[in-house]
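Colleague: Structure in structure tokens, see below.
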Amino acid sequence: MGGVYLTMTRELLRQVRVLDPISGTDRVADVAIASGKIQAIETELTPVPPDTQVRDCQGLILGPGLVDLYSHSGEPGFESRETLVSLGQAATAGGFTRLTLLPNTVPVLDSPAGLVWIENAVANRVLADRRTEAKNKTRFHFWGALTLNAQGQHMTELAELAAAGVIGFTDGQPLPNLSLLRRLLEYLSPLGKPIALWPCDSELAGQGAMREGPESIQLGLPGNPAIAETAALAALLECVAATGTPVHLMRISTARSVELIQVARNQGLPITASTSWMHLLLSSEAIGSDRWQHPYNSNLRLEPPLGNRSDQTALIAGVQQGIIDAIAIDHMPYTYEEKTVAFADAPAGAIGLELALPLLWQALVATGTWSALELWQGLSTRPATCLQQSPARVAVGQPAELTLFAPQHSWQVTPQTLKSLACNTPWLGQQLVGQVVKTWCP
């Protein structure tokens, strides 16, 4: 089902559940789409114009296209993990109409020439892929590196990158130098671009493979303490307070971080924040669980590591309350060989573009923990706002940037059903409920 495209220019979605987080609308209606725009939303649309493709959508969800704040591309540098084409197909199959890529490719995106190359590569590869209609592809955006080679030592030509069209700036790695961080914030302030920073003290984190706590002791794995995040976050918030430069806090994973962010917001600091989808679904207890093919599943080796149960609970509440603005996918593909090693030796990261919506829906919406609108806010409108973009809307006259989701459709996660080249997910081989039927992108 995922990512099926129709060639008809006029479509009518009968009795679909329409979600529009901007207006707070959640209702069942007929939706007419033509020429890349939403033409009508009515309780019942009659008569049906000729040459209209009519789809019975009872039980299906129609919402604005999903937006990913940050994910990784294998290309350039590691095409065996993921290509730009497979990445775009995975995003579309998962309902994402906007995909924002981190700069830590090989070479790092730290110059205008690198941006030109990857933009041309996206355009050429997607147009050459016969399975993807040019008018219906996921739109790529690109973070520019803060420092040369993303090594945290010397600033890139930030003004030149901004003029070239990067969406914002991040290394996707912790910045080890607070003096450099302060200078970056002062220099970037007049450029008016989003800045995403990962609060993590690498020395405190050490060689920790999972969150420090009772589970890490029981499993015999080196622990990564929560203060590796919170100490770095406290220092970062002080820098924001001193400079006044807006910052997005990425990869928030601890309960204490949620508390610090709430205090900073109450003080008026110009910050937004995101957590990853897997940190909402799982805690460190999952690493020793027999829920997967085996305990110590290396696809649960993440960075930052999965939090303890209290962290997971705080993150779920934090997103619902708006303390944490958005849910990021942080899609990080690796080959089978790279991940098939001991847990502590495995590279950190997992794929998620095709899995996030169905798994989050089943865990949070189907259980009544969140409303459907709250989930869609976290995956669509709020990420767009964090990127200083206009969120997509499901409203008459708006561009058809939409995701059609079947919450009851069952499918199995296999290398054949995934569009991503990579399969590094703990849900590989499992049966999921919920799948994207179609994605529209103007």
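The values are calculated or read from the model by the stated rules, or taken from the named source; none is laboratory data. Worth saying up front: this structure is predicted, and the values here are computed from it rather than measured. Cβ coordinates were reconstructed from backbone atoms using ideal geometry, including for glycine residues, and neighbour counts include every protein chain displayed.
Colleague: Could you grab the pairs with beta carbons closer than 6 Å, sequence gap of 6+ or different chains, first residue in the stretch 1-24 and modelled with pLDDT under 95, second one among the β-branched types (V, I, T) and surrounded by 13 or more Cβ atoms within 10 Å (Cβ to Cβ)?
Modeller: Sorted first by the residue in the stretch 1-24, then by its partner, the pairs are M1/V437; G2/V436; G3/T92; R10/T52.
Colleague: Would you confirm, using the coordinates I've provided, whether E11 is surrounded by fewer than 20 Cβ atoms within 10 Å (Cβ to Cβ), within 20 Å of A395 (Cα to Cα) and of a type outside the set (S, T, N, Q)?
Modeller: On the way: surrounded by fewer than 20 Cβ atoms within 10 Å (Cβ to Cβ): yes; within 20 Å of A395 (Cα to Cα): yes; of a type outside the set (S, T, N, Q): yes.
Yes.
Colleague: Any residue in the stretch 165-176 that is in contact (Cβ under 8 Å) with a residue 12 or more places away in the chain and closer than 17 Å to G152 by Cβ sitting within a Cβ distance under 6 Å of a residue that is in a loop (DSSP other than H, G, I, E, B) and of a type in the set (A, V, I, L, M)? List the pairs, counting only those 6 or more apart or interchain.
Modeller: The qualifying pairs are F169/L146; D171/A145; D171/L146; G172/L102.
Colleague: Counting only residues that are in a loop (DSSP other than H, G, I, E, B) and closer than 14 Å to L221 by Cα, which one in the stretch 285-306 is modelled with the lowest pLDDT?
Modeller: P295
Colleague: Could you run through the stretch 31-50 and say how many residues are closer than 16 Å to A392 by Cα and in a loop (DSSP other than H, G, I, E, B)?
Modeller: Here the count works out to 1.
Colleague: How many residues are within 23 Å of V85 (Cβ to Cβ), touching a Pro at 6+ places or on another chain (Cβ under 9 Å) and not in a loop (DSSP other than H, G, I, E, B) when one looks only at the stretch 392-442?
Modeller: Qualifying residue count, the stretch 392-442: 6.
Colleague: Taking only the stretch 307-324 into account, find how many residues are part of a loop (DSSP other than H, G, I, E, B) and crowded, with 24+ Cβ neighbours inside 10 Å.
Modeller: Pass one, the stretch 307-324, residues part of a loop (DSSP other than H, G, I, E, B): 307-308, 322-324.
Within this subset, residues satisfying the condition of being crowded, with 24+ Cβ neighbours inside 10 Å are 307, 324.
So the answer is 2.
Colleague: Just a yes or no: is a residue in the stretch 203-221 under 14 Å from L306 (Cα atoms), of a type in the set (D, E, K, R) and touching a residue at least 24 places away in the same chain (Cβ under 8 Å)?
Modeller: yes
Colleague: Let me ask something else about it. Could you look through the stretch 81-112, keep only residues that are outside any loop (DSSP other than H, G, I, E, B) and either of a type in the set (S, T, Y) or on the phi > 0 side of the Ramachandran plot (or both), and pick out the one that is surrounded by the fewest Cβ atoms within 10 Å (Cβ to Cβ)?
Modeller: Among those residues, the one meeting the criterion is S86.
Colleague: Can I ask one more? May I ask you to verify whether G74 is under 26 Å from P194 (Cα atoms) and not in a strand (DSSP E or B)? Walk me through it before giving the result.
Modeller: Numbers: under 26 Å from P194 (Cα atoms): yes; not in a strand (DSSP E or B): yes.
Yes; evaluated as a whole, the condition is true for this residue.
Colleague: Among the numbered conditions (1) aromatic (F, W, Y); (2) surrounded by fewer than 20 Cβ atoms within 10 Å (Cβ to Cβ); (3) modelled with pLDDT of 95 or more; (4) more than 20 Å from I217 (Cα to Cα), tell me where F343 comes up short.
Modeller: Answer for F343: the failing condition is (4).
Colleague: Got a number for residues in the stretch 108-125 being more than 14 Å from F142 (Cα to Cα) and touching a helix residue (DSSP H, G or I) at 6+ places or on another chain (Cβ under 6 Å)? Give the derivation first.
Modeller: Taking the stretch 108-125 as the starting set, the residues that turn out to be more than 14 Å from F142 (Cα to Cα) are 124-125.
Filter once more, keeping what is touching a helix residue (DSSP H, G or I) at 6+ places or on another chain (Cβ under 6 Å): 125.
Residues flagged as more than 14 Å from F142 (Cα to Cα) and touching a helix residue (DSSP H, G or I) at 6+ places or on another chain (Cβ under 6 Å) within the stretch 108-125 amount to 1.
Colleague: For the stretch 262-276, give me each residue that is outside any strand (DSSP E or B) and either surrounded by 20 or more Cβ atoms within 10 Å (Cβ to Cβ) or touching a strand residue (DSSP E or B) at 6+ places or on another chain (Cβ under 9 Å) (or both).
Modeller: Filtering the stretch 262-276 down to residues outside any strand (DSSP E or B) leaves 262-270.
A264, R265, L269, P270, listed by residue number.
Colleague: The conditions are (1) assigned to a helix (DSSP H, G or I); (2) over 17 Å from S253 (Cα atoms); (3) charged (D, E, K, R); (4) touching a residue at least 12 places away in the same chain (Cβ under 8 Å), and E354 fails exactly one of them. Which is it?
Modeller: (1)
For every residue, the table says whether it meets (1) within 22 Å of the chain's Cα centre (by Cα); (2) farther than 22 Å from A350 by Cα; (3) not charged (D, E, K, R).
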| position | (1), (2), (3) |
| --- | --- |
| A242 | no, yes, yes |
| R251 | yes, no, no |
| R265 | no, yes, no |
| P270 | yes, yes, yes |
| S274 | yes, no, yes |
| L282 | yes, no, yes |
| V319 | yes, no, yes |
| D330 | yes, no, no |
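Colleague: Give all pairs with beta carbons closer than 6 Å in which a residue from the stretch 362-389 that is in contact (Cβ under 8 Å) with a residue 40 or more places away in the chain meets a residue that is aliphatic (A, V, I, L, M) and surrounded by fewer than 19 Cβ atoms within 10 Å (Cβ to Cβ); count only pairs at least 6 apart in sequence or on separate chains.
Modeller: Correct list of pairs: Q362/V433.
Colleague: Okay, moving on. If we keep just the residues of the stretch 160-179 that are surrounded by 15 or more Cβ atoms within 10 Å (Cβ to Cβ) and more than 22 Å from I252 (Cα to Cα), which is nearest to the chain's Cα centre (by Cα)?
Modeller: Let us first name the residues in the stretch 160-179 that are surrounded by 15 or more Cβ atoms within 10 Å (Cβ to Cβ), namely 161-162, 164, 166-176.
Within this subset, residues satisfying the condition of being more than 22 Å from I252 (Cα to Cα) are 161-162, 164, 166.
Numbers: L161: 23, A162: 22, A164: 24, V166: 18 Å.
Taking the candidates together, the pick is V166.
Colleague: Keeping to the stretch 320-357, report how many residues are within 25 Å of A406 (Cα to Cα) and in contact with a Phe, Trp or Tyr (Cβ under 8 Å, 6 or more places away or on another chain).
Modeller: Here the count works out to 10.
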